[in-house]
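S.K.: Quick one: this structure, given as structure tokens, is what I'll be asking you about.
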Amino acid sequence: MDNRSKYLLKNVISFTFGKLGSKLITFVLVPLYTYALSTEEYGTVDLITTVCTVLMPILILNIGEAVMRFCLDQGVDQRKIMSTGVMVLLGGTLFGAALIPISGFIPAISQYGLYVYAYVISAAYMQVFLCYLRGKEMLNAYAVGNIIHTAINAGLNILFLVVLHWGISGYLLANIISCFLTAVYAAVIGRADKVILAFKIDRELSLAMIRFSVVLIPNSFMWWIINSSDRVMITAMIGAAANGVYAVAYKIPSLLSTLSGIFNQAWSYSAIKEEGSADKTEYHNEMYNNMVQILTVITAGMLMIMKPFMSVYVASEYYTAWMYTPYLLVGFVFLSLATFLSTMYTVHKDSLAFLLSSLLGAAVNIVLNFVLIPTLGVSGAALASCISYMAVYFFRVFNTRRYIRLKVFRGKHWLGYLLLAAMGTVLYMDGVVGQIILVVLFAVNLYLSKDVFLNLLLKLLKRR
């Protein structure tokens, strides 16, 4: 195994340890949420979490992304970079207090204003200090941070929801405490005390970081629209109970997103190092081809087991969530590939291209939500998300050609996509026949990608 493969594999293992482990714990907790919270309560906490997700990067100017990216440059003073991050965090803490009265104007969350403020601030500190670990390439420590966050969150949710029966307040409090304690861990491990003792603001550096991160604020907002606005619209048009079921459906493809996200995070480090190498294009094409075929096989496997899995995974009133997963799973395949393509934006610090692609996806998502939710209900929201992810993917396919030429229109890839579409359709068939067809289609998909899996297996065996 060559050095570039070893470097990529090392980073994949580090991110897998943290991300996959924490995601699996979260995934296991879903049945607890569905039994401890009604569909309406779960819809409400999902809405609050969604709102906090979009408020956090706005409040701190998305500075965590700049901290991570600028720390990866050669020969930089990482303490100066983090000093800017700390300065922005303190400002966000002060101005964020306005969220408490503002929350009072939103009926669904009016009684949780203090929780919203505490959630956003604790999540902001956690993100920035974890990004500092990533920027310093302390990836094992970063992975441990993710595990700590999820383990504390899980333990507190069991205590607050099952033992103390605190409901929505308990769920939010568990998230706040876990974010805060993880931020403390990351600050200690990353030696943030050295940053504070040697606190120094480099005006030129700070402006460069803020210019980079500020452009990513509307990008984050656009991604919030793509990923989460449908939940707000479902709540408004259909009700919180319907959003609760949809939120559970979202948990399934989010596992796929986690798997691809692990690779894409590790790949971003390799892409930065590979910039300027003689065979950069060939290497990128090899990685892209592997990712397409692995993603289609994993997605096909998830579609194959979806209905029997959901029958035992969640409470009976959430079972219908399986109906929305075909659209979401196919959409998340294209989202994962779009994220792979976006590593070129990260390499070249092209935050404007991030914004333009996400703006397109958000526009498509909003228009389709208004059209499809009234006619197709919750399925309309899932379909809108799928199409918007595809729009972002195709934009980035053509937009990134100024940086690199990838072979994205291979026949084998499109055959894999068609097989996924067929499986998504067959999933709506009841009975044994439908399940047999799903197994056959999965086997065909696996056969098409056998070479990729065999090559990866041989590389892993050589490493041993």
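S.K.: What net charge is computed for the residues neighbouring E275, neighbours being all others with C-beta under 13 Å from the C-beta of E275, Lys and Arg scored +1, Asp and Glu -1? Present the calculation step by step, with values, prior to reporting the outcome.
M.R.: Working: positive: R4, K273, K280, K349; negative: D73, E274, D279, D350.
With Lys, Arg at +1 and Asp, Glu at -1, the net is 0.
S.K.: Need one number for the stretch 129-282: average projected area of the convex hull over its C-alpha atoms, nm².
M.R.: 13.3 nm²
S.K.: In square nanometres, what is one fourth of the surface area of the convex hull spanned by the alpha carbons of the chain? Let's see the in-between values first.
M.R.: Working: hull surface 87.4 nm².
Taking the Cα atoms of the chain, their convex hull projects to 21.8 nm² on average.
S.K.: Determine the alpha carbon to alpha carbon distance for each of K6/K450; K349/K450; K6/K194 and list only those over 30 Å. List each step's numbers first, then the result.
M.R.: Working: K6/K450 22 Å; K349/K450 36 Å; K6/K194 32 Å.
Listed pairs above 30 Å: K349/K450; K6/K194.
S.K.: Beyond 19 Å, what share of the Cα-Cα pairs of the stretch 141-229 is found? Please give it as a whole percent. Intermediate results must be reported in sequence, preceding the final value.
M.R.: Numbers: 2532 of 3916 pairs.
Tail fraction, whole percent: 65.
S.K.: With the cut-off at 1.5 for a/c, could you classify the stretch 215-301 from its C-alpha gyration tensor as rounded, prolate or oblate? Walk me through the intermediate numbers first.
M.R.: Working: a/c = 3.98, a/b = 1.89, b/c = 2.10.
Oblate, because a/c is 1.5 or more while a/b does not exceed b/c.
S.K.: Also: Is the stretch 93-140 rounded, prolate or oblate when judged by the Cα gyration tensor, a ≥ b ≥ c being the square roots of its eigenvalues, rounded requiring a/c under 1.5 and prolate requiring a/b larger than b/c? Walk me through the numbers before you get to the answer.
M.R.: Values: a/c = 5.01, a/b = 3.05, b/c = 1.64.
Prolate is the answer for the stretch 93-140, as a/c is 1.5 or above and a/b outweighs b/c.
S.K.: Where does each of 50-62, 203-215, 137-149 land if you order them by average Cβ count within 10 Å, highest first? Could the numbers behind the result be given before it?
M.R.: Values: 50-62: 22.6, 203-215: 15.9, 137-149: 20.4.
Packing order, densest peptide first, comes out as 50-62, 137-149, 203-215.
S.K.: Just the C-alpha atoms of the stretch 57-142: what Rg/Rh do they give, with Rh taken as the Kirkwood radius?
M.R.: Details: Rg = 15.1 Å, Rh = 13.8 Å.
The Rg/Rh ratio comes out at 1.10.
S.K.: In the chain, what percent of the accessible surface is made up of carbon and sulfur (1.4 Å probe, ligands and nucleic acids excluded)? If you can, show how the numbers build up before the last one.
M.R.: Numbers: 13290 of 19260 Å².
Result for the chain: 69 percent of the exposed heavy-atom area is carbon or sulfur.
S.K.: I would also like to ask the following. About the Cα centre of the chain, what is the dipole size in debye to 20, counting +1 per Lys and Arg Cβ and -1 per Asp and Glu Cβ, all else neutral? Could the numbers behind the result be given before it?
M.R.: Numbers: 33 positive and 21 negative charges, 280 e Å.
For this selection, approximately 1340 debye.
S.K.: Next up: Relative contact order (percent) for the stretch 1-154, with alpha-carbon contacts under 8 angstrom and 6 or more residues of separation? If you can, show how the numbers build up before the last one.
M.R.: Numbers: 132 pairs, mean separation 59.8, N = 154.
Once normalised by length, the contact order is 39 percent.
S.K.: Using a Förster distance of 30 Å, how high is the FRET efficiency between V371 and S110, based on the Cβ-Cβ distance and rounded to 0.05?
M.R.: Numbers: r = 30 Å, r/R0 = 1.00.
Using R0 = 30 Å, I get an efficiency of 0.50.
S.K.: Just want to confirm a number: the relative contact order over the chain, from Cα pairs under 8 angstrom separated by 6+ residues, in percent. Present the calculation step by step, with values, prior to reporting the outcome.
M.R.: On the way: 607 pairs, mean separation 95.6, N = 464.
Value for the chain: 21 percent.
S.K.: Next up: Accessible area per residue of the stretch 309-448 at 1.4 Å probe, in Å²? Walk me through the numbers on the way to the answer.
M.R.: Working: 5780 Å² over 140 residues.
So the stretch 309-448 comes to 41 Å² accessible per residue, rounded to a whole number.
S.K.: Does the stretch 350-464 come out rounded, prolate or oblate, given a ≥ b ≥ c as the square roots of the eigenvalues of its C-alpha gyration tensor, rounded meaning a/c under 1.5 and, failing that, prolate meaning a/b above b/c?
M.R.: Numbers: a/c = 2.74, a/b = 1.11, b/c = 2.48.
In terms of gyration-tensor shape, oblate.
S.K.: Show me 260-266, 191-197, 241-247, 350-356 ranked by packing, highest mean number of other Cβ atoms within 10 Å first. The partial results should precede the final answer.
M.R.: Working: 260-266: 21.1, 191-197: 14.1, 241-247: 24.7, 350-356: 19.0.
With the highest mean Cβ count within 10 Å placed first, the list reads 241-247, 260-266, 350-356, 191-197.
S.K.: Using the heavy atoms of the protein chains alone and a 1.4 angstrom probe, what is the accessible area of the stretch 134-266 per residue in square angstrom? Display every interim value, and only then the final one.
M.R.: Values: 5220 Å² over 133 residues.
That works out to 39 Å² for each residue.
S.K.: Rounded to the nearest 0.05, what FRET efficiency is calculated for L197 and K407 with R0 set to 45 Å and r the Cβ-Cβ distance?
M.R.: Values: r = 51 Å, r/R0 = 1.14.
E between L197 and K407, to the nearest 0.05, is 0.30.
S.K.: Here's something else I'd like to know. When the dipole is taken about the Cα centre of the stretch 9-160, and only Lys, Arg (+1) and Asp, Glu (-1) are charged at their Cβ, what size is it in debye, to the nearest 20? Could the numbers behind the result be given before it?
M.R.: On the way: 8 positive and 7 negative charges, 99 e Å.
Dipole magnitude for the stretch 9-160 comes out near 480 debye.
S.K.: Stretched out fully, how many nm does the piece from D430 to H165 gain, at 0.36 nm a residue minus the Cα gap? Could you put the intermediate results ahead of the total?
M.R.: Values: separation 265, 0.36 × 265 = 95.40 nm, distance 3.78 nm.
Here the answer is 91.6 nm.
S.K.: Also: For the stretch 316-403, what D do you get in µm² per second when you plug the Kirkwood radius from alpha-carbon pairs into Stokes-Einstein at 10 °C and 1.306 mPa s? Working shown, then result.
M.R.: Numbers: Rh = 13.7 Å.
Taking Rh from Cα pairs, D becomes 116 µm²/s.
S.K.: Now, a different point. How far apart, in nm, are the 7 Å Cα→Cβ label points at F394 and T320?
M.R.: Computed distance between label sites F394 and T320 equals 3.2 nm.
S.K.: Taking every Cα atom in the stretch 78-205, find the radius of gyration and the maximum pairwise distance Dmax, and write them in Å.
M.R.: Considering the stretch 78-205 through its Cα atoms, Rg and Dmax are 16.4, 52 Å.
S.K.: While we're on this one: Can you list the aspartates and glutamates whose alpha carbon sits under 15 Å from that of K412, skipping same-chain ones fewer than 8 residues off?
M.R.: By straight Cα distance, K412 reaches E286, D451.
S.K.: Simple spin-label model, 7 Å along Cα-to-Cβ: L458 to S38 in nm?
M.R.: Here the answer is 6.0 nm between the modelled labels.
S.K.: Could you give the length gained by full extension between L418 and E286, i.e. 0.36 nm per residue of separation minus their alpha carbon distance, to one decimal place? List each step's numbers first, then the result.
M.R.: Values: separation 132, 0.36 × 132 = 47.52 nm, distance 2.17 nm.
Roughly 45.4 nm would be gained on extension.
S.K.: Continuing with the same structure: Would you mind getting the accessible area per residue of the stretch 36-84, heavy atoms of the protein chains only, 1.4 Å probe, in Å²?
M.R.: Values: 1600 Å² over 49 residues.
Heavy-atom SASA per residue in the stretch 36-84 reads 33 Å².
S.K.: Now, a different point. Charges on Cβ only, +1 for Lys and Arg, -1 for Asp and Glu, centred on the Cα centroid of the chain; of I177, V12, A300, which one is farthest towards the dipole's positive end?
M.R.: So the residue furthest toward the plus end is V12.
S.K.: Moving to a separate point now. So how many Å³ per residue does the convex hull of the Cα atoms of the stretch 12-115 work out to? Please list the in-between numbers first.
M.R.: Details: hull volume 12.5 nm³, N = 104.
Per residue, the Cα convex hull of the stretch 12-115 comes to 121 Å³.
S.K.: So, R0 is 30 Å and r is the distance between the beta-carbons of S277 and I13; what FRET efficiency does that work out to, to 0.05?
M.R.: Details: r = 23 Å, r/R0 = 0.76.
Calculated transfer efficiency: 0.85.
S.K.: Would you mind working out the magnitude of the charge dipole of the stretch 334-413 relative to its Cα centre, with +1 at each Lys and Arg C-beta and -1 at each Asp and Glu C-beta, to the nearest 20 Debye?
M.R.: On the way: 8 positive and 1 negative charges, 102 e Å.
Magnitude of the dipole: close to 480 debye.
The values are calculated or read from the model by the stated rules, or taken from the named source; none is laboratory data. Everything numeric here is computed off the predicted structure, so don't read it as measured data. As a convention, Cβ positions derive from the backbone with ideal geometry for all residues, glycine included, and neighbour counts pool all protein chains shown. Calculation scope for accessible area: heavy atoms of the full protein, side chains included, ligands and nucleic acids excluded. Shrake-Rupley method; radii C 1.70, N 1.55, O 1.52, S 1.80 Å.
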